[in-house]
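Remarks on the structure that follows.
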Amino acid sequence: MAFLVYALCALTAAACAVLLFLAWRRSRSRMLWWSGVCFAFLTLANIVLVVDFFVLADRALWPLRHGLSLAAVSALLYGLIFEEP
């Protein structure tokens, strides 16, 4: 059951990233771009979480997961601070 929840979280983050990038392509709003980048990193972090818990259970991938999450939050924070007037 946990695998299903984690996989659905990854799919949801991927869907959000795709929708944000499609909206960015239409409007060219920089905030949509940075939000899409954030969700792309969150998608990768969720995929690594599934791999960490269910595929490579004997290896510790938490530094990679946390690094991807930090990159996601950093991208969104950069967009919020520097890109919108």
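The values are calculated or read from the model by the stated rules, or taken from the named source; none is laboratory data. Everything numeric in this text was worked out from a predicted model, so none of it was measured. Counting neighbours? That spans all protein chains shown, and the Cβs are built from the backbone with ideal geometry, glycine included.
Residues that are among the small types (Gly, Ala, Ser) and in a loop (DSSP other than H, G, I, E, B) were ranked within the range 45-65; the one that is nearest to Ala75 (Cα to Cα) is Ala60.
I need the full set of residues from the range 1-20 which are touching a residue at least 12 places away in the same chain (Cβ under 8 Å) and closer than 21 Å to Leu70 by Cβ, in order please. Passing the criteria: Tyr6, Cys9, Ala10, Ala13, Ala14, Cys16, Ala17, Leu20.
Per-residue answers, yes or no, for (1) modelled with pLDDT under 95; (2) among the aliphatic types (A, V, I, L, M):
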position: Phe3; (1), (2): yes, no
position: Thr12; (1), (2): no, no
position: Ala17; (1), (2): no, yes
position: Trp33; (1), (2): no, no
position: Leu61; (1), (2): yes, yes
position: Leu68; (1), (2): no, yes
position: Glu83; (1), (2): yes, no
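Flag set for Ala15, criterion: under 15 Å from the mean Cα position of the chain (by Cα), exposed (fewer than 15 other Cβ atoms within 10 Å of the Cβ) and of a type outside the set (Val, Ile, Thr). Got at least one residue in the range 59-69 being over 11 Å from the mean Cα position of the chain (by Cα), on the phi < 0 side of the Ramachandran plot, among the aromatic types (Phe, Trp, Tyr) and surrounded by 12 or more Cβ atoms within 10 Å (Cβ to Cβ)? No, the conditions are met nowhere in the range 59-69.
Looking for something at pLDDT below 95 and either in a helix (DSSP H, G or I) or of a type in the set (Asp, Glu) (or both) - is there at least one such residue anywhere in the range 21-30? Yes, the range 21-30 has at least one match.
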